[in-house]
Amino acid sequence: ADATAVICGEERTSYRELNERANQIAHSLIKLGVQPDVPVGIFMERTTDLLAGILGILKAGAAYVPLDPSYPRERLSAILQDAKAPIVLTQQSLAGELGTTDAQVICLDSEWSKIARESKENPETHLRPANLAYVLFTSGSTGRPKGVAIEHRSAVTLVEWAKTVYTPKELAGVLLSTSVCFDLSVFEMFVPLSVGGKVIMVQNALFLPSAPAKNEVTLINTVPSAMAELVHMRAVP
């Protein structure tokens, strides 16, 4: 439990700290009526709280709907309207960017003193493989963005497959460089956590050379163009 689970800049968070924080978020959501298949938006910068928020939503039994801070307000509104998310987890500096929404907006930073009063113990939820885990929206390049609903069994299959292909040593330090709005991030978040590895967060793959924990990265899972640029920058062998 004291092993490092997440590295974000100079900040290191243990498995115990990450789990307890996610549990408190989960209990808070459950008290608000969140249950299986309910979509909950998450609109945060790339910090440890982003991962704690995603885990908290899942621990509450809900499905997370990632929202990128770089998206225009119109796109954010369209996603929230389509997903019908009753709650959005965010941070105070971003709350105003959501525009008009019927969703209840919870700022994990400014409201943490209230959330911190919740239990640190794992909540009890009753999920089945067919329950929703997350909903990702397409780019909308061919029209209105469309939500793709992914069930737990699909994500679990990916994680279990990865553990047969990569060794724990290779998964000891996985770079989380993909936006959580793209499904490659599912590998980067959940696969290392499933084997006791570290999730090493950066803004994107090209920030690797400046990451304090760059020498602890053992696996990068990214697109060929980004990998080619990292090789050009001599950031990887």
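The values are calculated or read from the model by the stated rules, or taken from the named source; none is laboratory data. Everything numeric here is computed off the predicted structure, so don't read it as measured data. FYI the Cβ positions are ideal-geometry reconstructions off the backbone, even for glycines, and counts take in every protein chain you see. With ligands, DNA and RNA removed, areas are computed over all heavy atoms of the protein, side chains included. Shrake-Rupley method; radii C 1.70, N 1.55, O 1.52, S 1.80 Å.
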Packing-based ranking, highest mean first, of 86-97, 108-119 given that Cβ atoms within 10 Å are counted: 86-97, 108-119
Sequence-distant residues sharing a close amide H with residue 63 (under 5 Å, placed H): 37, 38, 40
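Tally up the carbon and sulfur contribution to the accessible surface of the chain as a whole percent, 1.4 Å probe, everything protein left in place.
Of the solvent-accessible surface of the chain, carbon and sulfur hold 52 percent.
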Vicinal HN-Hα couplings computed from phi for segment 125-133 (Karplus, 6.51 cos²θ - 1.76 cosθ + 1.60; Hz; Gly/Pro x): 10, 10, 10, 10, x, 7, 5, 6, 9
Per-residue HN-Hα couplings for segment 20-37 [Karplus 6.51, -1.76, 1.60; θ = phi - 60°; Hz; x = Gly/Pro]: 5, 5, 5, 4, 5, 5, 4, 4, 5, 5, 4, 5, 8, x, 5, 8, x, 6
Karplus 3J(HN,Hα) series, Hz, for segment 209-226 with 6.51 cos²θ - 1.76 cosθ + 1.60 (x for Gly, Pro): x, 9, 6, x, 9, 4, 6, 9, 6, 10, 8, 10, 10, 9, 7, x, 5, 5
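Taking a probe of 1.4 Å, how large is the accessible area per residue of the chain, in Å²? Please report the intermediate quantities before stating the final value.
On the way: 11780 Å² over 237 residues.
Spelled out: the 1.4 Å probe surface of the chain, per residue, equals 50 Å².
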Too-long pairs where the Cα-Cα distance tops 26 Å, listed order kept, from 114/198; 146/198; 31/120; 146/169; 146/214: 114/198; 146/198; 146/169; 146/214
Long-range HN-HN contacts of residue 137 with modeled amide H, under 5 Å: 148
Correct option for mean projected area of the Cα convex hull in nm² [calculated from the coordinates] among (i) 15.1; (ii) 13.0; (iii) 14.1: (ii)
By average C-beta atoms within 10 angstrom, highest first, the peptides 19-31, 165-177: 19-31, 165-177
